[in-house]
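A.B. asks: Can you keep this structure in mind? I'll have questions shortly.
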Amino acid sequence: MLPDCLSAEGELRCRRLLATATARLRARPASAAVLVPLCSVRGVPALLYTLRSSRLTGRHQGDVSFPGGKCDPADQDVVHTALRETQEELGLAVPQEHVWGLLRPVYDRQKATVVPVLAGVGPLDPQSLRPNSEEVSWGMWLGGSSSLSTVSASCLQVDEVFALPLAHLLQTQNQGYTHFCQGGHFCYTLPVFLHGPHRVWGLTAIITEFALQLLAPGTYQPRLAGPGQPRGFEPLASSRQASSTPGLNKGL
């Protein structure tokens, strides 16, 4: 059963679990920060994602991500970065007191540190968002009949904001994984989340996994596994070793 993570008790539990790491990580420099927005859409607990604009330059154009970006020298800390970037991208102002804490940092291929900032943004009406027309338009996906409504903020219909219910993310049929190997040998396994409007993979899937482990302890089975992962991809203590053939993609 999905725990009531949006309750005051659920929030307090998460804040307590994150308190020590949050105090430590806020004092450290980082390359970038993202906001992991825990919201309620029509009373359904969900995480909010963005689809990066196909007009952006670089290798991440068109990828699913959390709102966020590079740390600016003027930012006070990674929390400031995540909140500033979210307001710039989505027009969503999140007060600092709504931040629950910091999740485990992840690292991109250039070994840049990306810090996830978990925040409760409360009930969310997608029509209230005012996304940056140079980056995203908005939409909400609530599962079930795969209903996806989008309102274009530019001429690009594929760029949007969407919410994935926690119940959807926690269903095993919506969870996949990718095995990676180097030199012909199994190296590590990373999670993939499927059957939403867009595939959630890469660093965003790893951060999603961290959030699910915190929000639904004992319900979500981690996919991070294997010795020799790149730095920052270490599985949590309860992670299982991958049992299927190295190099095989499941659910892709």
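A.B. asks: Does Leu103 meet the test of being of a type outside the set (Asp, Glu), in contact with a Leu (Cβ under 9 Å, 6 or more places away or on another chain) and either buried (at least 21 other Cβ atoms within 10 Å of the Cβ) or closer than 25 Å to Gln171 by Cα (or both)?
C.D. replies: Against the criterion (of a type outside the set (Asp, Glu), in contact with a Leu (Cβ under 9 Å, 6 or more places away or on another chain) and either buried (at least 21 other Cβ atoms within 10 Å of the Cβ) or closer than 25 Å to Gln171 by Cα (or both)), Leu103 qualifies.
A.B. asks: Taking the condition under 22 Å from Arg42 (Cα atoms), part of a loop (DSSP other than H, G, I, E, B) and at pLDDT 75 or above, does Val121 pass?
C.D. replies: For Val121, the condition - under 22 Å from Arg42 (Cα atoms), part of a loop (DSSP other than H, G, I, E, B) and at pLDDT 75 or above - is not met.
A.B. asks: Please verify whether the stretch 212-225 includes one or more residues that are within 25 Å of Ala30 (Cβ to Cβ), open to solvent by 10 Å² or more (accessible area, probe 1.4 Å), at pLDDT 85 or above and outside any loop (DSSP other than H, G, I, E, B).
C.D. replies: Checked against the condition, which is being within 25 Å of Ala30 (Cβ to Cβ), open to solvent by 10 Å² or more (accessible area, probe 1.4 Å), at pLDDT 85 or above and outside any loop (DSSP other than H, G, I, E, B), the stretch 212-225 yields at least one hit.
A.B. asks: Can you pull out the residues in the stretch 180-202 that are in contact with a Gly (Cβ under 7 Å, 6 or more places away or on another chain), open to solvent by 10 Å² or more (accessible area, probe 1.4 Å) and assigned to a strand (DSSP E or B)?
C.D. replies: Within the stretch 180-202, Cys181, Phe186, Cys187, Tyr188 qualify.
A.B. asks: Hey, another quick one. Give me the pairs, please: first residue somewhere in the stretch 175-196 and free of Cβ contacts under 8 Å to residues at least 60 places away in the same chain, second residue anywhere and of a type in the set (A, V, I, L, M), beta-carbon distance under 6 Å, and either six or more positions apart or on two chains.
C.D. replies: Here the result reads Thr189/Ala225; Thr189/Ala242; Pro191/Ala205; Phe193/Leu169; Phe193/Val200; Phe193/Ala205; Gly196/Leu164, each pair linking the stretch 175-196 to a residue that is of a type in the set (A, V, I, L, M).
A.B. asks: Picking from Arg24, Arg28, which residue would you name as being out of contact with any Lys or Arg (no Cβ under 6 Å at 6 or more places or on another chain) and assigned to a helix (DSSP H, G or I)?
C.D. replies: Arg24
A.B. asks: Find the residue count for the stretch 90-114, including only residues that are part of a helix (DSSP H, G or I) and within 13 Å of Pro37 (Cα to Cα).
C.D. replies: Counting residues in the stretch 90-114 that are part of a helix (DSSP H, G or I) and within 13 Å of Pro37 (Cα to Cα) gives 3.
A.B. asks: Taking only the stretch 26-59 into account, find how many residues are at negative phi, open to solvent by 10 Å² or more (accessible area, probe 1.4 Å) and either at pLDDT 95 or above or not hydrophobic (A, V, I, L, M, F, W, C) (or both).
C.D. replies: 14
A.B. asks: Moving on. Out of the residues in the stretch 68-84 that are under 16 Å from Gly101 (Cα atoms) and in contact with a strand residue (DSSP E or B) (Cβ under 8 Å, 6 or more places away or on another chain), state the one that is modelled with the lowest pLDDT.
C.D. replies: Checked the stretch 68-84; the qualifying residue modelled with the lowest pLDDT is Gly68.
The values are calculated or read from the model by the stated rules, or taken from the named source; none is laboratory data. None of the values given here were measured: they were computed from a predicted structure. Cβ sites come from the backbone with ideal geometry, for glycine too, and all protein chains shown count toward neighbours. Calculation scope for accessible area: heavy atoms of the full protein, side chains included, ligands and nucleic acids excluded. Shrake-Rupley method; radii C 1.70, N 1.55, O 1.52, S 1.80 Å.
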